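Notes follow once the structure below has been shown.
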Amino acid sequence: MECHHHETRAEGRAGGGTVLYTCPMHPEIVRERPGLCPDCGMNLLRVQTAKAGSQNGPRAEPAGRETNHTTHDKHEGHRTADFLKKFLVSLVLTLPILAYSELFEKVAGFQPPDFWGRPYAVAILGSVVFFYGGFVFLAGAYRELRARLPGMMTLIAIAVSAAYLYSVFAVFAGRPHTLFWELATLISIMLLGHFLEMRAVQGARGALRELAKLLPDEAEVVAGGTTKKISVTELSEGDTVLIRPGGRVPADGEVIEGQSEVNESLLTGESKPVGKKKGDKVIAGAVNGDGSLFVRVMGIGERTFLAGVMRLVAEAEGSKSRLQLLSDKAAFYLTIIALSAGGLTLAAWLAARAGAVFAVERFVAVLVVACPHALGLAIPLVASISTTLAARHGFLVRRRMALETARRIDVVLFDKTGTLTKGEFGVEVVVPAVGAAEGSVLSLAASVNRHSEHPIGKAIVGEAEKRKLLLAEASRFERLPGKGARAIVGRGREVVVGSEAALADARVFVPAEFDSRAAAFAREGKTVVFVAAGGETVGFIVLADVIRPESYEAVSALKRSGVRTAMITGDSDDV
């Protein structure tokens with residue numbers, strides 16, 4: 001049963017920003033003060049929002065220290081580990097309690113040796129399990145009752161509290177029968193269930209964490225002719241940042257100086273690097289190529305393209321299926337029924353003079369049996385695991401209700417880049433000129449690009465290494481933005497690798513037969529890279545986005561099931 005909590009806003013300031021507290025597992029829950037999450041019992045994390053004017057939006061961090069987004073992810077893992085720790089400690093303490101229970105004696109046929117003070121030792125172990133392991137349920141019940149929405153936490157808390165109070169009374173009253181093993185096993189089992197649910201939810205949020213990793217922790221700001229590294233949270237609109245070769249863009253902005261090619265594939269799906277020059281826009285999270293760029297910041301925090309994508313993912317993961325919404329209502333009414341039935345059971349057996357032990361046992365049993373575990377724990381767990389499995393297989397579920405209607409799907413639209421393909425270049429064909437060898441052409445191109453960060457250059461080098469070709473030393477490397485690269489290879493021979501325009505700048509002629517064959521490959525959506533050495537064209541290399549091996553199998557399976565398939569791409573019709 002999920003309580004609907006309204007977001008609160010704190011007016012206090014810490015470090016120039018508003019301080020709030022949120023649950024890492026339920027980010028929609030926001031509080032002004034530290035405490036426990038009313039839904040899962042986890043400690044709330046401090047959210048340090050950006051100072052006024054910075055527009056960076058809130059960032060969650062453990063209280064008392066400053067962290068970046070990667071540290072926050074690790075902290076979430078520790079919170080899940082805390083639940084696991086509670087379960088393991090409770091389980092270890094439950095075993096000796098069980099060993100001295102009547103149930104163990106009946107099942108195993110024997111009991112460990114008795115000793116003086118055994119009832120008190122069992123009571124101490126049971127008390128630790130109750131207060132250490134069961135506190136999360138007691139706190140959750142308090143918040144449910146305060147919100148006037150009793151649920152599973154309330155049932156568990158009342159059941160274990162009744163069992164604990166009676167058992168303590170029985171020990172000090174000298175009565176032989178207690179309920180310590182019942183409350184200890186119930187707490188241990190419920191802790192395990194909540195740990196599994198939290199782990200599944202975290203796994204389902206892996207897509208959001210991967211998106212967060214795209215943003216760098218620091219940015220290099222240019223001011224007064226010097227550069228200074230600052231946290232991305234300190235960036236403001238209008239700042240000028242330097243993006244070095246291979247670096248990530250820290251914020252949305254506009255190029256004011258420099259030329260380079262930027263890889264935006266993880267954000268836009270475009271496998272080819274996009275040329276950037278003065279006046280062009282760049283987006284946060286993109287990877288810069290071999291050139292340096294000076295960028296004026298125009299969008300930060302929640303106003304970036306990346307933040308918009310993350311909001312879509314967060315909304316998807318925070319959504320509920322129709323079954324979950326129905327289960328929430330059902331769990332509420334079942335809780336009321338269970339509490340009423342438990343109370344009537346207790347009163348009836350007491351009135352029948354069946355004895356306090358017997359009456360309390362039946363009261364606890366009714367609450368535990370009637371507790372809507374399947375609705376309050378199993379259904380959210382199944383929904384989370386379903387989302388996790390979908391994410392692992394490349395599906396992003398924007399709304400969980402879509403999972404319920406997926407069985408009626410009759411058309412599937414595939415994005416090409418990164419879905420049907422790997423989103424990375426691979427060499428398809430090497431076409432040498434007359435008198436040149438295929439391996440020689442590839443070796444020359446790889447020698448020029450052996451230290452390049454460009455995706456096309458990396459693909460060429462990777463193919464040469466796969467063929468175990470010998471690469472020559474290259475000097476005076478020069479990147480030709482938007483065109484290619486050139487360098488001196490071996491004994492003073494200039495090698496140009498790139499587009500036809502790159503060869504034209506070097507006054508190298510491309511034979512007509514090469515031009516027509518290259519144009520045919522280009523019409524198929526492939527990338528053609530010419531190679532010239534010593535002023536002559538020695539061949540060209542054809543590259544394409546590598547098709548995933550499993551794509552054919554997946555599309556074929558859908559077609560066999562009667563599902564129509566289509567591809568979404570910005571490439572030419574020939575593709």
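The values are calculated or read from the model by the stated rules, or taken from the named source; none is laboratory data. Please read these numbers as outputs of a predicted model, since none were measured by experiment. Note: ideal-geometry Cβ built from the backbone for every residue, glycine included; neighbour counts use all protein chains shown.
Computed quantities for the displayed model
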item: Subset of the stretch 122-160 [of a type in the set (A, V, I, L, M), touching a helix residue (DSSP H, G or I) at 6+ places or on another chain (Cβ under 9 Å) and without any contact (Cβ under 8 Å) to a residue 12 or more places away in the chain]; result: L145
item: Residue that is farthest from V427 (Cα to Cα) [pool: residues in the stretch 529-574 that are hydroxyl-bearing (S, T, Y) and surrounded by 13 or more Cβ atoms within 10 Å (Cβ to Cβ)]; result: T565
item: Any hit, the stretch 503-526, residues being part of a strand (DSSP E or B) and either closer than 22 Å to S440 by Cβ or assigned by TED's automatic domain parsing to the domain that holds A436 (or both); result: no
item: Of all residues making up the stretch 518-528, the number that are surrounded by 16 or more Cβ atoms within 10 Å (Cβ to Cβ) and either over 14 Å from D545 (Cα atoms) or of a type in the set (F, W, Y) (or both); result: 2
item: First in the stretch 517-529 and small (G, A, S), second anywhere and part of a helix (DSSP H, G or I), Cβ under 9 Å, 6 or more apart; result: A518/E500
item: Residue among A162, A99, A170, A123 that is exposed (fewer than 15 other Cβ atoms within 10 Å of the Cβ) and over 20 Å from F195 (Cα atoms); result: A99
item: Tally, over the stretch 444-484, of residues that are closer than 16 Å to T537 by Cβ and crowded, with 22+ Cβ neighbours inside 10 Å; result: 4
item: R467 more than 21 Å from E261 (Cβ to Cβ) and within 39 Å of the chain's Cα centre (by Cα); result: yes
item: Residue in the stretch 126-154 that is modelled with the lowest pLDDT, counting only those that are under 22 Å from L192 (Cβ atoms) and of a type in the set (S, T, Y); result: T154
item: Top-ranked residue of the stretch 260-284 - restricted to ones that are modelled with pLDDT under 85 and part of a loop (DSSP other than H, G, I, E, B), ranked as farthest from A485 (Cα to Cα); result: G269
item: Subset of the stretch 427-441 that is out of contact with any Lys or Arg (no Cβ under 7 Å at 6 or more places or on another chain) and hydrophobic (A, V, I, L, M, F, W, C) - its residue that is farthest from L469 (Cα to Cα); result: V434
item: Scope the stretch 531-550; condition touching a residue at least 40 places away in the same chain (Cβ under 8 Å) and touching a helix residue (DSSP H, G or I) at 6+ places or on another chain (Cβ under 7 Å); matching residues; result: V531, A533, T537, V538, G539, F540, I541, V542, L543, D545, I547, R548
item: Lone unmet requirement of (1) in the same structural domain as R467 (by TED's automatic domain parsing); (2) modelled with pLDDT under 90 for A437; result: (2)
item: Condition met for G193 (touching a Leu at 6+ places or on another chain (Cβ under 8 Å), in contact (Cβ under 8 Å) with a residue 60 or more places away in the chain and either surrounded by fewer than 17 Cβ atoms within 10 Å (Cβ to Cβ) or not hydroxyl-bearing (S, T, Y) (or both)); result: yes
